[in-house]
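**Student:** Below you will find the structure I want to go over with you.
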């Protein structure tokens, strides 16, 4: 049976990227079996019927997989439950009478669009810089031609679980995107198919990442915030591949001149 | 990179002061390498290892203070005459000193540059109270412990190497100088506090180097934290013991 | 019948049709491809796959998504896997068997040639995805692992943990990212298609709204590919993502593209039942749970005792009782319908009496808790996160929910709609799943269309237009569409009524779910045909859309989508009413066997119902066109799971 919770919400409201924002306080009563976003839906229904502008927030699948949603809830990315995206967080994690502070991701690389919505295009730019294996449609060989050890495939899958929500950047005291970049890079760098472009990828993705985001100083906040619980081991692997890339890519440049 | 016409909210932002990759790859590789934060962290780790090596050797050599003035002063003297018949007196010591200075410079230089980058990475801070889950005190205070240890080091040189800060300084009597300095309780206290901060710095740094260098294997990852703790604890206990030993009259 | 529904099925034996067709199609030479502008709407498996492939081929591609990033499309949520006829298990699988299972699973309401081609390219998809770095599950020997799925007797499903859709979409997204980087594809994110633009009867562009600044713009191209997904959100509550909508396909339909079989909807049996009135969406639990869970309800009506307090002899394991040989593993539609029956009898369980138990008690006793945890641990965790109940201690509560829509824009063998130059891919078309889709086949179809079919057949269309420029966007065709779209937005903004968009969407959903959901009857459908226009009327007179149309406005986005659902819903019901038979996901209570199973009428209904837009009074103006389905390679049988 569901219980009703009386809550005070402090929600960050901001009209646009260049305007100043502030917290607005709302009072609401919701059932504890509602999801966090359903709670916001409900507040928005009330706001609209009271002739006010509803709170903007990004969301879509509400199954924790599309990566659209994500806000800071009481100073924690995606809120208090570990390994849980905002959409999968349910109100029974809160108590009657709680005050909940809701704020957008904040980073220079993620400018605010409106209220709780931020622009995460920088993530797409990082992928575009090299987060792929260049294989033209139709050019693929038989899928079982290259055996891949199960543990390598499993490790690649661990990295690939990233949903691109941006919680790692939001949680990082330096706004670094190393966990995202490392996960996307190492998924490919660990597989035999990804070897040909391994070192150009490592170089290009790191350089592109640093156009937008801060540096990793090994706090480990990102892996705590990650709804898919991706580990910072992948960051270490990225660091190693980046260093190697500096040598390997130069050697290849030399080979190109010779050849 | 193709992106639909100018659409401010859709295009990735330009972040001031951040890495701007150049197309020309003509720069020598150390320069190229050091232009990224990942490269700088790697350099910090390498210089960190060198500095840890120094800290450990320094601590280990100083344990000779418990063997008495003769042993200790002989040890201090031997540093100057290392490989003496082959090289001029003090040559190797100066070589090591220059190396150390270089390590300090790049370690601190990289740290400053990364700090600047990180300060521009979140121009508007969180307005609600942040709750940290993993970033411990050591990790969050690296830049402060680092600076304090650095200024302590300058004092330490002035106190026991150059002698400016030590009124009873006698050139060549390392043992006597140490005792003279640590007999003043406030100096002893200062050394103890500084070494505790050094220990905190080493606690995060000793683990962080593995991460920055990419030394990572699930099988051994548990050892990394163990190493950092052990290293920090040994160095701190030994270093803190010297002023305490003087204060309690064990060394006099 | 006014439409030409020639499916352009190639001549020759089934197995040679696609090969022959590829040879017979006109080509566009590599140096000419850059002279063509191609518009792709949607970036799911089909859209991203097509945009990337067309970019690789050398066309100038513009790709549109209303998401912030192409990677967020709802293909990402598919859990189970993707079928392919690799026969790695040596268990007798073949292209023909995959074709056969898909036709049979679709209850003989799909087109043989299309389905065969799907089975044929399924193997290429696995090769392609593996080469892209999709981390499919593997065996210890390093080869790809397979598992079995409902409706098939072979192991042919490839999977990447419970995130197969995500991994395949990321593969396609990364291929797309590469093309964006190379400059062959231009990305328009946070941009929603609101209209199709026709010039002299063919598709030449689209009208879009920039979700960031509200600007309505025109985009011109030589051809338009729509990969905009299905219409499951017409029910309001479904497993679809919140933004999934019918607008692109419905607007194309209004411009002349026939809408085929809109009544075909798949209801997935194992979802978590709604907890309250404000539930925003339903969450699907993998079908694999039915392998070990036993489904039951109490014998008595409104029995509100806790599950543990209901003794064994007062429980009704109704699937095991009615279908002794398949038991809890009957196909999706059968399991769903039976759940509805027992809940309608008043025997539903849970706080709202709206579910049935899925009980792992016996399985945990037999295999031990550890085994069950190993098999379903992550699903149990997800269940607990959502419901707050621990399924190791109390039985899960499940209920069916809308999951996939088999109907969509009518397309021929080339995936071209009845509007020349407009192609529909993936769930947006109707082509491959007939009246019911088999598990792990949606991903297969999306990628088949996107990677292999559309890029090939598109050349056949474009070849005729070599040397022509795209229609300029100041042409009246574009300006009229622009004005129409702007007017629609202004109209919605000016109503300023009393209720929110969601309010009306919920109202619509209730009617559709009640009367055109898991089982349908004439009275209910006729009632819906009265109620839907009323709700639509209220919506257009009383909806409240706050904010500024010329800027970021999520309420307006929703309003535009719901407005189209209001119209589409009526066509859906109209189609369900006309189809006087039961087949796959379409169950008409009047047409069932003595045992309560779906009764097809192959004599009168073995056709595709392709509806042509006739006017605003949808149920009366829509024109039915029929494409007869011919089966030369399979014989039609009645399904039985007793």
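**Student:** Determine, from the Cβ-Cβ distance of residue B:98 and residue A:146 and an R0 of 41 Å, the FRET efficiency 1/(1 + (r/R0)^6), rounded to the nearest 0.05.
**Tutor:** Values: r = 51 Å, r/R0 = 1.25.
So, using R0 = 41 Å, E works out to roughly 0.20.
**Student:** Can you work out the PRE-style zone for residue B:150? Point 7 Å along Cα to Cβ, and I want the residues of region B:24-65 with backbone N under 14 Å.
**Tutor:** From region B:24-65, the list is B:44, B:48.
**Student:** Per residue, what volume in Å³ does the Cα convex hull of region A:121-258 take up?
**Tutor:** On the way: hull volume 17.3 nm³, N = 138.
Here the figure is 125 Å³ per residue.
**Student:** Sort C:503, B:204 so that the residue with the fewest other Cβ atoms within 10 Å of its own Cβ comes first and the one with the most comes last.
**Tutor:** On the way: C:503 20, B:204 23.
Going from sparsest to densest Cβ surroundings: C:503, B:204.
**Student:** Okay, moving on. Return P(r) of chain C (all Cα-Cα pairs; 10 Å bins starting at 0; whole %; ordered from short to long distances).
**Tutor:** 3, 16, 28, 28, 17, 6, 1, 0
**Student:** Over 31 Å apart: what share of the alpha carbon pairs of chain A falls there, rounded to a whole percent?
**Tutor:** Values: 11450 of 33411 pairs.
Counting every Cα pair in chain A, those more than 31 Å apart make up 34 percent.
**Student:** Mind giving me the nanometre distance, one decimal, between the label points for residue A:29 and residue C:393, set 7 Å out from Cα along Cα→Cβ?
**Tutor:** 2.9
**Student:** Express the Stokes-Einstein translational diffusion coefficient of region C:174-316 in µm² s⁻¹, to the nearest whole number, given a Kirkwood radius over alpha-carbon pairs, 10 °C and a viscosity of 1.306 mPa s. Could you put the intermediate results ahead of the total?
**Tutor:** On the way: Rh = 19.8 Å.
Taking Rh from Cα pairs, D becomes 80 µm²/s.
**Student:** Rg to Rh ratio, region C:476-602, alpha-carbon atoms and Kirkwood radius?
**Tutor:** 1.12
**Student:** Of the candidates A:235, A:127, A:146, which one comes out as most mobile in a Gaussian network treatment of chain A with C-alpha springs shorter than 10 Å?
**Tutor:** Judging by the Gaussian network model, the answer is A:146.
**Student:** So, R0 is 51 Å and r is the distance between the beta-carbons of residue B:234 and residue C:309; what FRET efficiency does that work out to, to 0.05? The partial results should precede the final answer.
**Tutor:** On the way: r = 62 Å, r/R0 = 1.22.
The computed FRET efficiency comes out at 0.25.
**Student:** Sort B:132-139, C:469-476 by packing, meaning the average of other beta carbons within 10 Å per residue, with the highest value first. If you can, show how the numbers build up before the last one.
**Tutor:** Details: B:132-139: 16.6, C:469-476: 14.9.
The peptides rank, most packed first, as B:132-139, C:469-476.
**Student:** How much length, in nm to one decimal, is gained on full extension between residue C:213 and residue C:620, taken as 0.36 nm per residue of separation minus their Cα-Cα distance? List each step's numbers first, then the result.
**Tutor:** Numbers: separation 407, 0.36 × 407 = 146.52 nm, distance 3.84 nm.
Between residue C:213 and residue C:620, full extension yields 142.7 nm more.
**Student:** Based on DSSP H runs of at least 4 residues, each adding -39500 (n - 2.57), what is the mean residue ellipticity at 222 nm of chain B after dividing by all its residues, to the nearest 500 deg cm²/dmol? Working shown, then result.
**Tutor:** Working: 9 runs with 162 residues, N = 252.
Helix contribution divided over all residues of chain B: -22000 deg cm²/dmol.
**Student:** Next question, about the same structure. Counting only helical runs of four or more DSSP H residues, what would the 222 nm mean residue ellipticity of chain C come to if each run contributes -39,500 (n - 2.57) and the total is spread over all its residues? Display every interim value, and only then the final one.
**Tutor:** Details: 19 runs with 230 residues, N = 642.
About -11000 deg cm²/dmol.
**Student:** So what's the Cα pair-distance distribution over region A:1-112, bin width 10 Å, in %?
**Tutor:** Distribution as computed: 14, 47, 34, 5, 0 percent.
**Student:** Please report the antiparallel percentage of the DSSP beta bridges confined to chain C, to the nearest 5.
**Tutor:** Values: 46 of 65 bridges.
Restricted to chain C, the bridges split so that about 70 percent are antiparallel.
**Student:** Something else now. What relative contact order, as a whole-number percentage, does chain C give when Cα pairs under 8 Å and 6 or more residues apart are counted? Write down the numbers at each step before the final one.
**Tutor:** Numbers: 1407 pairs, mean separation 130.0, N = 642.
Once divided by the residue count of chain C, the mean separation gives 20 percent.
**Student:** Please work out the FRET efficiency for the pair residue C:371 and residue B:83, using the Cβ-Cβ distance as r and a Förster radius of 56 Å; give the result to the nearest 0.05.
**Tutor:** On the way: r = 68 Å, r/R0 = 1.21.
It comes to 0.25.
**Student:** Which of A:209, B:103 has the fewest other C-beta atoms within 10 Å, and how do the rest follow up to the most?
**Tutor:** Details: A:209 32, B:103 19.
Neighbour counts put them in this order, fewest first: B:103, A:209.
**Student:** Based on alpha-carbon centroids, what's the gap between region C:231-278 and region A:16-69 in Å, whole number please?
**Tutor:** Each part reduced to its Cα centre gives a spacing of 23 Å.
**Student:** Another question about this same structure. Run the quick spin-label model on residue B:137 and residue C:593: label points 7 Å from Cα toward the beta carbon, then report their separation in nm to one decimal.
**Tutor:** Once both label points are built, they end up 7.5 nm from each other.
**Student:** Using the alpha-carbon centroid of each, what span in Å lies between region C:572-639 and region B:183-220?
**Tutor:** Answer, in whole Å: 75.
**Student:** Within region C:545-576, whose backbone N sits under 18 Å from a point 7 Å along Cα→Cβ of residue A:52?
**Tutor:** Within reach of a label on residue A:52: C:545-548, C:554-555.
**Student:** Another one. Reported to two decimal places, what Rg/Rh ratio describes region C:268-401 when computed on Cα atoms with Rh from the Kirkwood expression? Each step should come with its number before you reach the end.
**Tutor:** Values: Rg = 13.7 Å, Rh = 14.8 Å.
In region C:268-401, Rg relative to Rh is 0.93.
**Student:** Any idea what log10 I(q)/I(0) is at q = 0.06, 0.10 Å⁻¹ for the protein assembly as shown, Debye with uniform C-alpha scatterers and no solvent?
**Tutor:** Each listed q corresponds, in turn, to -0.53, -1.29.
**Student:** Consider a paramagnetic label point 7 Å from the Cα of residue A:20 along Cα→Cβ; state which residues of region B:95-139 have an amide N under 18 Å from it.
**Tutor:** The answer is B:123-128.
**Student:** Can you give the angle from 0 to 90° between the axis of helix C:476-495 and the longest principal axis of chain C, with both taken from C-alpha atoms, to the nearest 10?
**Tutor:** 50
**Student:** Under the rule a/c < 1.5 gives rounded, and otherwise a/b versus b/c splits prolate from oblate, where does chain B land using the Cα gyration tensor? Show your work: numbers first, answer last.
**Tutor:** Details: a/c = 2.41, a/b = 1.87, b/c = 1.29.
The shape class here is prolate.
**Student:** How large is the convex hull of the Cα atoms of region B:148-229 per residue, expressed in Å³ as a whole number? Walk me through the numbers on the way to the answer.
**Tutor:** Working: hull volume 9.5 nm³, N = 82.
Spread over its residues, the Cα hull of region B:148-229 gives 116 Å³ apiece.
**Student:** Report, in degrees rounded to the nearest 10, the 0 to 90 angle that the Cα long axis of helix C:554-578 makes with the longest principal axis of chain C.
**Tutor:** Rounded to the nearest ten degrees, it is 70.
**Student:** Another question, then. Tell me the angle of helix C:369-387 to the major Cα principal axis of chain C, expressed in degrees between 0 and 90 and rounded to the nearest ten.
**Tutor:** On a 0 to 90 degree scale, this one is about 60.
**Student:** For region A:150-183 and region C:128-170, what is the separation of their C-alpha centers, rounded to whole Å?
**Tutor:** 22
**Student:** With 10 angstrom as the radius, rank C:22, B:27 by how many other C-beta atoms surround their C-beta, starting from the fewest. Walk me through the numbers before you get to the answer.
**Tutor:** On the way: C:22 15, B:27 12.
The most exposed by this proxy come first: B:27, C:22.
**Student:** Would you calculate, for chain A, the mean residue ellipticity at 222 nm contributed by helices, counting each DSSP H stretch of 4 or more residues as -39,500 (n - 2.57) and dividing by all residues, to the nearest 500? Please report the intermediate quantities before stating the final value.
**Tutor:** Numbers: 8 runs with 96 residues, N = 259.
Calculated at 222 nm, the ellipticity per residue is -11500 deg cm²/dmol.
**Student:** Can you compute the modelled spin-label distance between residue C:491 and residue B:54, with each label point 7 Å from Cα toward Cβ, in nm?
**Tutor:** 7.8
No value in this document is a laboratory result; all are computed from the given coordinates. Because the structure is predicted, anything quoted here is derived from the model rather than measured. When we count neighbours, we look across all protein chains shown, and the Cβ atoms used for this are built from the backbone with ideal geometry, even at glycine.
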